[in-house]
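Read the structure below first, then the notes.
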Amino acid sequence: MYSKHAALEKNSILMLIFVVITISIGGIIEIVPLFRMETTIEPVKGIRPYTPLELAGQNVYIREGCYGCHSQQIRALRDEVERYGHYSLAAESMYDHPFQWGSKRTGPDLARVGGKYSDEWHVQHMINPQSLVPESIMPSYPHLSRRVLNLADIGDDLIALRAVGVPYTDEMISSATQDAYAQASQDSDYLDGLFERYGEKVVARNFDGETHTSEMDALVAYLQVLGTMAELQDYKHDGSKRSGQ
Amino acid sequence: MSKIDKDEHSGVETTGHEWDGIKELNNPAPRWWLGVFVITVIWSIGYWVVYPAWPTLSGDGERGGTTGNTGWTQYSQLAESQAEIMARRAAYLDRFDAATFEAIQADNGLYAFALAGGASAFKDNCATCHGTGGAGASGYPNLNDDDWLWGGTVDAIEETIKFGIRANHDETRFSEMPAFADIFAEDEISDIADYVLSFSTNTIYPTRGKTLYDEQCSLCHAEDGTGDRFQGAPNLSDAIWFYGGKKGEIEAQIRRPKHGVMPNWNVRLSDSTIRQLAIYVHSLGGGETE
């Protein structure tokens, strides 16, 4: 039996065919069921695509490598649920591309950090983490307050996300920049449009307290929405029934 | 291509490959290793029977897959685990929820239960702002002292935790000191700051500062600077400062006051946990009775 293996090793075309067959079996079994996303995503109300400002914040989050130390996935384990709240649902990251589940926690999980701390806390903590949590080893990110947020092209991000299945409408894309600036101020004339497109629950305010719209505004807007969309009080886990959300 | 031959020294066949006179022996994988491999394959079949394993296209079952004959899921495991801890807590929790604070304090077991639960919830939720030991930071009150912005009884602390301060809740505690930058001239602000400092430092104060203070500030902070908890106006006479006690810091707070936000924890924590937290914070050093 061992010696017959030599025939495969000595014929590259035969080897290629067998490699493809072997990998396909594993691949098909793992991937094909996911083509029916409704079998993997629980029906839960309230999940919406990120607003342009929140999306810009997620871009900052990814650029700064926050995922290297912070996960965004609360596992269905008692101690995690006690500490962080309801375990994460697949629906809650279905509009994340790429998803931010992370693989390591040096800092705490952030899946439900939205609303847990005040905006001022986030800003101060980002500028100098040790001023609030002396035992923290998080690096400081003071440049986020100084850097003016580039929102001119944020509509392109929405187009790219729509291509991979996030339901952004033409209207959302064309007014993306306007919506982003509106969300970063308390009293913009364009707030009505923002709420109309993304829902009344969207939090619009001057997140960093400064006059210019900085990367800090976007990041704090993103952090403050994490885990707050799903209406979990209405959610009942039901393993036997899955349907489209 | 080299021909397969036996190694003279060990008597084992070689693979037929040769590099600079070095040949590779074609030893079979160890038998014990093969045995373990076969056992793991057989084990996996048992695993498929017992646990959710194979994805399916039907959409039935746990996340669209086979369920296993035991019906085990990580969610049922979580529910069991939570039920178990709730059963252990129930011995205290039922009495705890029904008892008044005085009754809890009189009952060593219940009081210890409140402090233990409060201490652990404090570390998870409150320590990030108020510090691990509750000592606070600039803009985040120290919870160890007896200077309370909104009251230091267990009930008052409980309400603060539940509904927050300037939070997104109808019953949240709310106060907003006006910005005086456009109302007072700079030298007037300086005089008022001197007068405010005089409450706690016994220094001589300018009379103009007193006049202005009595007109504009005393309605909330009281004429003697002791503040008004009903309005959330801080006590200015106790040498404990929320945003710093240097003259420049006091002036900055008169010009454009900072207004801190504490979230309403009723959306995140259970009523019992909030009560445990209130009793824990009350015990840190400055807790007040009625």
How about the range A:46-95: which of its residues are in a loop (DSSP other than H, G, I, E, B), more than 26 Å from A:P142 (Cα to Cα) and not hydrophobic (A, V, I, L, M, F, W, C)? A:G46, A:R48, A:P49, A:Q73, A:R75, A:G85, A:H86, A:Y87, A:S88, A:Y95
Failed criterion for B:T67 (all others in (1) away from every other protein chain (no Cβ under 11 Å); (2) farther than 30 Å from B:I279 by Cα hold): (1)
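Considering only residues that are within 12 Å of chain A (Cβ to nearest Cβ) and among the polar types (S, T, N, Q), look in the range B:250-268 and name the one that is farthest from B:L236 (Cα to Cα). Reasoning before the result, please.
So the first thing to find is which residues in the range B:250-268 are within 12 Å of chain A (Cβ to nearest Cβ), and the list is B:256, B:258-268.
Subset that is among the polar types (S, T, N, Q): B:264, B:266.
Working: B:N264: 26, B:N266: 31 Å.
The selected residue is B:N266.
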Output the residue which, of all residues in the range B:121-180 that are part of a strand (DSSP E or B) and surrounded by 20 or more Cβ atoms within 10 Å (Cβ to Cβ), is farthest from the other protein chains (Cβ to nearest Cβ). B:R173
Just one of the numbered conditions (1) under 17 Å from A:L232 (Cα atoms); (2) surrounded by 15 or more Cβ atoms within 10 Å (Cβ to Cβ) is not true of A:Y141; which one? (1)
How about the range B:27-68: which of its residues are among the polar types (S, T, N, Q) and modelled with pLDDT under 85? B:T56, B:S58, B:T66, B:T67
So A:D179 clears everything in (1) assigned to a loop (DSSP other than H, G, I, E, B); (2) touching a Pro at 6+ places or on another chain (Cβ under 6 Å) except one condition, right? Which one? (1)
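Within the range A:151-176, track down each residue that is assigned to a loop (DSSP other than H, G, I, E, B), under 20 Å from A:D189 (Cβ atoms) and of a type outside the set (S, T, N, Q).
First pass over the range A:151-176, keeping only residues assigned to a loop (DSSP other than H, G, I, E, B): A:151-153, A:164-169, A:175.
If we keep only those that are under 20 Å from A:D189 (Cβ atoms) too, we end up with A:151-152, A:175.
Residues satisfying the conditions are A:L151, A:A152.
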Residues located in the range B:241-270, provided they are in a helix (DSSP H, G or I), of a type in the set (D, E, K, R) and free of Cβ contacts under 8 Å to residues at least 60 places away in the same chain: B:K247, B:E249
Residue under question is A:Q186, and the condition is that it be surrounded by fewer than 18 Cβ atoms within 10 Å (Cβ to Cβ), assigned to a helix (DSSP H, G or I) and within 14 Å of chain B (Cβ to nearest Cβ); does it hold? no
Residues of the range A:76-125 being over 17 Å from the mean Cα position of the chain (by Cα), closer than 13 Å to A:V225 by Cβ and either surrounded by fewer than 20 Cβ atoms within 10 Å (Cβ to Cβ) or more than 8 Å from every other protein chain (Cβ to nearest Cβ) (or both), in sequence order, are A:H122
Going residue by residue through the range A:54-75, is there one that turns out to be over 26 Å from A:L158 (Cβ atoms) and within 14 Å of chain B (Cβ to nearest Cβ)? yes
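The values are calculated or read from the model by the stated rules, or taken from the named source; none is laboratory data. The structure presented is a predicted model; accordingly, all values stated were derived computationally and were not measured. FYI the Cβ positions are ideal-geometry reconstructions off the backbone, even for glycines, and counts take in every protein chain you see.
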